[in-house]
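To keep things clear, I will list the structure first and then write my remarks on it.
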Amino acid sequence: MFTNKKVLVIGTGISGVAASRLLLDYDNEVILYDSNEKVDADKLRDMFMPQSSVKCITGAIDDELLKSVEVAVLSPGVPLDIPIVVDLKNQGVEIIGEIELGFLVEKGEVVGITGTNGKTTTTTLMGEIMKRHLGEERTFVVGNIGNPYTEEAQSTREDTVTVAEISSFQLETTRTFKPKVSAILNITPDHLNRHHTMEGYIEAKERIAAFQNKDNVCVLNFENIYTKDFGERTTARPVYFSSQRALKDGYFYRDGYIFKSVNGNETRLLNTDTDMNLVGECNIENVMAAIAMAEAMDVPMETILATIKDFTAVEHRIEYSGTKNGVDYYNDSKGTNPDAAIQGIKAMKKPCVLIGGGYDKQSEFDEWIEAFDGKVKALVLIGQTKEKIAACARKHGFNDIYMCETFEECLKLCTELAKPGDAVLLSPACASWGMFDNYEERGRIFKEYVASLE
């Protein structure tokens, strides 16, 4: 970990504030910066101890001050190609992110989890497995899941394990990050407005294993073309899971059971109907990935399976929210891209009224519409993408489409359209930005509405 450096932290959210506090503890000169002039610099300053030397700047920043910066720490939401970051790179400033900063002071072992979909569920489950195995005081769950790595890293010890959910944004700025066990759950098109090309997005995801070696494990989805290909190139030892076929070596699903196979010798581990509280093929894959990672961390299978049996759905991910007037309601607000939303539809056992739409991340919706497959009886659209999605749906012959201007109007309409024996599914295939602060707020409002129904 570096000390006595002039460090510019760009981004004033929870990760930026946590990174600043960590840097101050190592006697660095810290400048916390946000280009949004509406952010109150005085309120930012109040988030630190009165004696803290942090300097908080919003809006414009002095060119001479920028020239004196030695290290820049980027929050996940800060792209690498904006002018201030490009200028810092050109003047030779070391650019890192909050995950890399946390790893620089990490003392224990690390499990790193990424993927387009399933990260939060798998990370939460893996965290619960490690807590049952090691105890809560020796387990940290951090990263994109909402708890900044830099907030916990100094508390780690040689006998602790950090389980980290890591997004492609966070992986772009890693330089030495080396988990003992990593996982890439899947890769499907997402965040192309940030990464610009699919190749750039894939490259960011693969960075989770960039510094691993043959003594480390990388858990990969055998059924995903990108992760399967990466398994042939990674410097780590690949361990596969599959929801579609039996594997000679690895973990797989067949006829309602999850199996482990070693050189073709199969062991049945659990019944996915009676031993899991999670629903859907996506969650079967998440569970297999967690089993593979936990075994790689030397957790006894008895502990792993006991944790899985107790584990319930993560909030906002195909979360059962209640039954009102014979209609089941499911909150899948975390379905922020088409592939994630496909998993939500697949998990439905009843005809459903589907809520879609939101912020446009330059996604294509054809595969999502095709996945309706007779399960979706009505599509209720909101947000920036509603016209784009409606055109795509009509192209595929789906015409039961309704447009709403507000979320409240949408929820009321869904209640009118759904009949006893149906389901209402919030699984928007889009980000929440523009109408909500985040997907959590969108899901919370949905659940509050369901709770208010008579």
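Does region 111-130 contain at least one residue that is of a type in the set (K, R), at negative phi and either modelled with pLDDT under 95 or within 19 Å of the chain's Cα centre (by Cα) (or both)?
Yes, region 111-130 has at least one match.
Test K260 against the stated conditions and say whether it is over 21 Å from T123 (Cβ atoms), in contact with a Gly (Cβ under 9 Å, 6 or more places away or on another chain) and assigned to a loop (DSSP other than H, G, I, E, B).
Numbers: over 21 Å from T123 (Cβ atoms): yes; in contact with a Gly (Cβ under 9 Å, 6 or more places away or on another chain): yes; assigned to a loop (DSSP other than H, G, I, E, B): no.
No; evaluated as a whole, the condition is false for this residue.
Any residue in region 20-32 that is modelled with pLDDT under 95 and touching a helix residue (DSSP H, G or I) at 6+ places or on another chain (Cβ under 8 Å)?
Scanning region 20-32, I find no residue that is modelled with pLDDT under 95 and touching a helix residue (DSSP H, G or I) at 6+ places or on another chain (Cβ under 8 Å), so the answer is no.
Can you find, within region 320-344, the residue that is farthest from E409 (Cα to Cα) among those that are touching a helix residue (DSSP H, G or I) at 6+ places or on another chain (Cβ under 8 Å) and among the β-branched types (V, I, T)?
Of everything passing the filter in region 320-344, I342 is farthest from E409 (Cα to Cα).
With the condition being in contact with a Ser or Thr (Cβ under 7 Å, 6 or more places away or on another chain), I'd like the helices (runs of 4 or more DSSP H) fully within region 357-454 carrying at least 1 qualifying residues.
439-452
So A72 passes all but one of these: (1) surrounded by fewer than 21 Cβ atoms within 10 Å (Cβ to Cβ); (2) under 18 Å from T58 (Cα atoms); (3) more than 18 Å from the chain's Cα centre (by Cα); (4) of a type in the set (G, A, S). Which condition number does it fail?
It is condition (1) that A72 fails.
Select from region 153-165 the residues that are over 15 Å from K180 (Cβ atoms) and crowded, with 20+ Cβ neighbours inside 10 Å and list them in ascending order.
The answer is A153, E165.
Pick out the one residue from E128, E94, E106, E151 that is out of contact with any helix residue (DSSP H, G or I) (no Cβ under 8 Å at 6 or more places or on another chain) and touching a residue at least 12 places away in the same chain (Cβ under 8 Å).
Residue meeting the stated conditions: E94.
Give G322, G335, G358 a once-over and let me know the one that is buried (at least 18 other Cβ atoms within 10 Å of the Cβ) and at positive phi.
Numbers: G322 fails: buried (at least 18 other Cβ atoms within 10 Å of the Cβ); G335 fails: at positive phi.
It is G358.
Got a sec? Which of M276, M293 is part of a helix (DSSP H, G or I) and surrounded by 15 or more Cβ atoms within 10 Å (Cβ to Cβ)?
M293 is the lone residue from the list that is part of a helix (DSSP H, G or I) and surrounded by 15 or more Cβ atoms within 10 Å (Cβ to Cβ).
Which count do you get for residues in region 428-454 that are closer than 12 Å to S321 by Cβ and under 28 Å from the mean Cα position of the chain (by Cα)?
Quick first cut of region 428-454, residues closer than 12 Å to S321 by Cβ only: 443-453.
Restricting the remaining residues to those that are under 28 Å from the mean Cα position of the chain (by Cα) gives 443-451.
Qualifying residue count, region 428-454: 9.
Please work out if T162 is of a type outside the set (G, A, S), closer than 19 Å to A210 by Cα, modelled with pLDDT under 95 and not assigned by TED's automatic domain parsing to the domain that holds L24. First the steps, then the outcome.
Details: of a type outside the set (G, A, S): yes; closer than 19 Å to A210 by Cα: yes; modelled with pLDDT under 95: no; not assigned by TED's automatic domain parsing to the domain that holds L24: yes.
So T162 fails the test.
Read through the list (1) of a type in the set (D, E); (2) under 16 Å from G108 (Cβ atoms); (3) under 16 Å from the mean Cα position of the chain (by Cα), then give the number of the only condition that E152 fails.
Going through the list (1) of a type in the set (D, E); (2) under 16 Å from G108 (Cβ atoms); (3) under 16 Å from the mean Cα position of the chain (by Cα), E152 breaks only (3).
So L44 fits all but one of (1) of a type outside the set (D, E); (2) farther than 26 Å from V142 by Cβ; (3) in contact with a strand residue (DSSP E or B) (Cβ under 8 Å, 6 or more places away or on another chain); what number is the exception?
(2)
Within region 228-240, count every residue that is out of contact with any Cys (no Cβ under 9 Å at 6 or more places or on another chain) and surrounded by 19 or more Cβ atoms within 10 Å (Cβ to Cβ).
Residues meeting the conditions: 1.
Given the conditions (1) in a loop (DSSP other than H, G, I, E, B); (2) surrounded by fewer than 21 Cβ atoms within 10 Å (Cβ to Cβ), and given that D87 satisfies all but one, which numbered condition is not satisfied?
(1)
The values are calculated or read from the model by the stated rules, or taken from the named source; none is laboratory data. Note that this is a predicted model, so its numbers are computed, not measured. Every residue, glycine among them, receives a Cβ derived from its backbone with ideal geometry; neighbour counts consider all protein chains shown.
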